[in-house]
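Below: the structure, in structure tokens.
The values are calculated or read from the model by the stated rules, or taken from the named source; none is laboratory data. The model shown is predicted, which means the values in this text are computed figures rather than measured ones. Every residue, glycine among them, receives a Cβ derived from its backbone with ideal geometry; neighbour counts consider all protein chains shown. Calculation scope for accessible area: heavy atoms of the full protein, side chains included, ligands and nucleic acids excluded. Shrake-Rupley method; radii C 1.70, N 1.55, O 1.52, S 1.80 Å.
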Amino acid sequence: MDNAVLEAQNRIKNKRTLLVKNKKPVKLKPSKYITNLFTRTLISVILILLCAIFINISDANLLTFKNHFFNETLAFTTIHNFYTKYFGEIVPENLNKTAPVFENTRSYTNIEEVNDSYKLTLSSNTFSFLESGVVVFLGEKEGLGKTMIVQGIDGVDIWYSNLENYNVTMYDYVEKEGIVGEFKDKNVILTFMENGNYIDYEKYLS
């Protein structure tokens with residue numbers, strides 16, 4: 001009887017040993033988000049290194065770089081569309097859903113053309129963004145006062161001038177219908193530019 005028990009225990013032990021030896025290690029697959037994040041980070045590092053190499057080759061390259069990136073408005077919309085097409089959204093989709101702060105804040109009682117801009121007399125001292133986009137300028141413009149320039153997702157630069165105050169910083173992404181800020185004397189001066197040319201306001205204020 002004891003021999004039978006020992007034989008049974010040995011068989012169980014042998015089977016357990018075989019199972020442990022033949023067990024394949026489980027390979028943990030990295031999540032898609034982590035893979036994409038690593039890829040984007042690597043591409044960003046490569047682009048920074050290429051820019052550094054370019055500007056260090058010669059003084060002429062450095063001057064070209066400064067003129068293009070500091071004295072001109074970058075085509076953020078084009079860059080964003082290119083990046084999204086090949087690498088996906090910069091911000092995860094579930095984090096990119098924001099609601100407008102206020103709506104229906106475009107009420108104005110009068111509009112008049114001033115040089116290449118349009119002066120609107122508002123019903124209140126606030127006004128909402130006419131299009132979603134990226135803030136590419138914050139500062140003073142001669143004859144227009146404190147100005148915010150937003151490069152819209154449609155490629156049109158919209159200037160919001162005569163500002164009293166605002167709550168955004170450079171390169172913030174702003175949503176259509178969100179509040180631009182408060183304007184002096186209930187007057188907002190709007191300027192519309194596309195590819196360096198002034199365009200009419202009808203598309204946005206009709």
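Taking the stated definitions as given, is M193 open to solvent by 10 Å² or more (accessible area, probe 1.4 Å) and closer than 17 Å to K119 by Cβ? Yes, satisfied. When the range 143-177 is filtered for residues that are open to solvent by less than 40 Å² (accessible area, probe 1.4 Å), out of contact with any helix residue (DSSP H, G or I) (no Cβ under 9 Å at 6 or more places or on another chain) and either outside any strand (DSSP E or B) or among the aliphatic types (A, V, I, L, M) (or both), the ones remaining, listed by number, are L144, M148, I149, V150, V168, V174. Scanning the range 120-141 for residues being outside any strand (DSSP E or B) and open to solvent by less than 40 Å² (accessible area, probe 1.4 Å) gives a total of 4. Among the residues of the range 99-118, are any over 21 Å from L190 (Cβ atoms) and at pLDDT below 60? Yes, some residue in the range 99-118 is over 21 Å from L190 (Cβ atoms) and at pLDDT below 60.
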